[in-house]
Number of protein chains: 2
Amino acid sequence: MSQRQPPPVEAGPYRSHCAIARTLDLLGDKWTLLVLRDALFFDVSTFAGFCQRPEQVPTNLLAARLKKLVAAGLMEKVAYQQRPTRYQYLPTAVAKELIPALLALKQFGDNYLQD
Amino acid sequence: MSQRQPPPVEAGPYRSHCAIARTLDLLGDKWTLLVLRDALFFDVSTFAGFCQRPEQVPTNLLAARLKKLVAAGLMEKVAYQQRPTRYQYLPTAVAKELIPALLALKQFGDNYLQD
DNA sequence: CTGGATCCTGATGGATACTG
DNA sequence: CAGTATCCATCAGGATCCAG
């Protein structure tokens with residue numbers, strides 16, 4: 001319970017001091033949380049892997065979202081192979097703290113939005 | 001536990017069958033969840049009330065979001081006065097089911113996003 | 001061939017002015 | 001007060017291009 005947590009992340013400036021508004025400033029668009037879903041729940045880690053998901057994110061938007069998430073400290077870009085260099089995008093410990101929110105959104109969709 | 005729940009809501013078409021993606025199709029923008037936050041946590045119900053919140057949503061976007069939320073069954077538009085007719089926007093039972101997700105997002109913001 | 005960057009076009013966002 | 005209309009800036013999405 002009182003274990004040390006990762007440090008807060010800078011991703012502002014924000015619209016207001018409300019924590020919900022701040023979170024939405026960072027994650028509140030159509031793709032960012034989907035990328036995190038794939039990284040956290042489906043173990044997707046390569047650029048191509050994210051592209052191949054059913055929602056078909058455009059490559060330019062994916063590149064932009066990954067950059068933003070790396071800058072915000074939610075994902076880490078790691079080279080896992082040389083010649084040619086290949087990168088992996090891995091969720092950080094901070095990103096894992098979004099799991100409860102993602103599950104709550106999933107539950108809402110399951111229960112109240114028809115497919 | 002087994003009490004009857006409100007019926008599912010039509011708000012598609014959706015990008016995929018994933019419940020998270022569906023929820024994000026409906027709510028995943030910078031303003032929609034903020035409007036619901038105000039309605040659910042701060043008892044805001046009038047057009048002007050939403051406008052006056054610290055994030056200062058533009059009136060055209062507020063009108064569009066309220067329309068969408070009413071169409072999706074998450075808010076109800078109710079006349080509460082005649083001559084001139086005044087309307088209130090009230091969260092439905094379905095909207096209240098988003099409270100856990102909003103609290104999870106707030107917790108993330110509180111813990112990991114610096115102000 | 002993979003991982004992106006670039007480009008172009010239409011859609012959306014945001015500020016503000018205006019109207020019933 | 002409750003929205004609509006307008007105008008401009010930015011973003012989304014798709015196609016293509018380029019570098020390693």
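Nothing in this text is a laboratory measurement; each read-out follows from the coordinates by a stated rule. All values derive from a computational prediction rather than experimental measurement. Cβ: placed from backbone, ideal geometry, glycine included. Neighbour counts: every protein chain shown.
Name the shape class, rounded, prolate or oblate, that the alpha-carbon gyration tensor gives for chain B, where a ≥ b ≥ c are the square roots of its eigenvalues, rounded holds for a/c under 1.5, and otherwise prolate holds if a/b is larger than b/c and oblate otherwise. Before the final figure, lay out the partial values.
Details: a/c = 1.58, a/b = 1.18, b/c = 1.34.
Cα axes put chain B in the oblate bin.
What residues have an amide H closer than 5 Å to that of A:L113, excluding those fewer than 5 places away on the same chain, when H is modeled at 1.01 Å from N in the peptide plane?
Residues meeting the criterion, in which the H sits 1.01 Å from N, are B:V9.
With respect to the symmetry axis carrying chain A onto chain B, which residue of chain A exhibits the smallest Cβ distance to that axis, and what is the value in whole Å?
So the chain A residue sitting closest to the axis is A:A104, 2.
Given Cβ point charges of +1 (Lys, Arg) and -1 (Asp, Glu) and nothing else, what value in debye, to the nearest 20, does the dipole of the range B:19-112 about its Cα centre take? Don't skip to the answer; put the middle values down first.
Values: 12 positive and 8 negative charges, 63 e Å.
Around 300 debye, computed over the range B:19-112.
Out of residues 5 or more away from B:M75 or on other chains, whose amide H comes under 5 Å of its own, with H placed 1.01 Å from N in the peptide plane?
Residues meeting the amide H criterion: B:V70, B:T92.
Per-residue HN-Hα couplings for the range A:92-102, Karplus 6.51 cos²θ - 1.76 cosθ + 1.60 at θ = phi - 60°, whole Hz, x for Gly and Pro?
7, 4, 4, 4, 4, 6, 8, 4, x, 5, 5
How large is ³J(HN,Hα), in whole Hz, for each residue of the range A:51-65 in order, when computed from phi with the Karplus curve 6.51 cos²θ - 1.76 cosθ + 1.60 and θ = phi - 60°, using x for Gly and Pro?
Values, residue by residue: 4, 7, 5, x, 7, 6, 5, x, 5, 5, 5, 4, 4, 5, 5 Hz.
Which Cα, out of B:V78, B:T32, B:A101, lies furthest along the positive dipole direction of the range B:19-112 (beta carbon charges, K/R +1, D/E -1)?
B:V78
What does the copy distance list look like for A:D43, label position 7 Å along Cα→Cβ, in nm and ordered from shortest?
Result for A:D43, in nm, nearest copy first: 5.0.
Which one, B:F41, B:C18, B:A64, is farthest towards the positive end of the dipole of chain B when Lys and Arg carry +1 and Asp and Glu -1 on their Cβ?
Among B:F41, B:C18, B:A64, the one farthest towards the positive end of the dipole of chain B is B:A64.
What are the distances, in nm and sorted shortest first, from the label point of B:N60 to the label points of the same position in each other copy, with each label point placed 7 Å from Cα along the Cα-to-Cβ direction?
Counterpart label points of B:N60 in the remaining copies fall at 2.3 nm.
If we hang a label 7 Å off Cα along the beta carbon direction at A:P84, how far is it from the matching labels on the other copies, in nm, shortest first?
Taking the point 7 Å beyond Cα along Cα→Cβ, the inter-copy spacings are 6.3 nm.
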